[in-house]
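Reading through the structure tokens given below for one structure.
The values are calculated or read from the model by the stated rules, or taken from the named source; none is laboratory data. Just so it is clear, the structure is predicted and the values come from calculations on it, not from any experiment. Quick reminder, even Gly has a Cβ in these numbers, built from the backbone with ideal geometry, and neighbours come from all protein chains shown.
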Amino acid sequence: MPQDRVFLVVVDDSPERAVALRYACLRVRKSGGRVALLRVTEPVGLQEWAGVGALMQEERRQEAEQLLSALAAEVQEITGGLPLLIIREGDAVEEVLAVLAEDPRVSILVLASATGTGGPGPLISALVGRQGGRLRCPMTIVPGSMDDAELDRVT
């Protein structure tokens, strides 16, 4: 059923993230389903004092929660529904693959390619390269340079 379909968007710090998010929201609005937002934070390195590491980890989590809360409002405005919010710590590729393996509702991974000449981006490169065999759902790669009118047209 369309309600069971989840579009997973990786929330990184790239400008293309907004394009991937809008695409996923428009698809949900037009064909049903739900958006899931995944924010992966980097693990805190070894710290001489455990308290400092714990404080840094908590700060990163709070920043991730604030970012996802702001994006959740945008998702709700476009789709009329609240997104699933997921925060993970670790390597982005491994955490994306873990979420895909753990949640059978995720049926489409939505990413936007980088707009520069340096390639599509590290996450896309990894997922279409060595890690591609571990994907368990289709991946939609949206050109990161698409504007709102173009996104409306293709969704």
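Which of the residues that make up the stretch 113-155 are within 16 Å of I78 (Cβ to Cβ) and within 17 Å of the chain's Cα centre (by Cα)? Passing the criteria: only V142.
Among the conditions (1) touching a residue at least 24 places away in the same chain (Cβ under 8 Å); (2) crowded, with 17+ Cβ neighbours inside 10 Å, the only one that I124 does not satisfy is (1). For the stretch 69-91, the set of residues classified as assigned to a helix (DSSP H, G or I) and buried (at least 19 other Cβ atoms within 10 Å of the Cβ) consists of L71, V75, T79, listed by residue number.
Return yes when Q57 is touching a strand residue (DSSP E or B) at 6+ places or on another chain (Cβ under 8 Å) and without any contact (Cβ under 8 Å) to a residue 40 or more places away in the chain and no when it is not. Criteria met by Q57. All conditions in (1) touching a Ser or Thr at 6+ places or on another chain (Cβ under 7 Å); (2) buried (at least 19 other Cβ atoms within 10 Å of the Cβ); (3) free of Cβ contacts under 8 Å to residues at least 60 places away in the same chain hold for V110, with the sole exception of (3). Residues satisfying the criterion are absent from the stretch 91-105 (criterion: touching a Ser or Thr at 6+ places or on another chain (Cβ under 8 Å), within 22 Å of V19 (Cα to Cα) and of a type outside the set (K, R)).
Taken across the stretch 135-155, residues that are part of a helix (DSSP H, G or I), of a type outside the set (S, T, N, Q), crowded, with 16+ Cβ neighbours inside 10 Å and at pLDDT 95 or above do occur, with at least one present.
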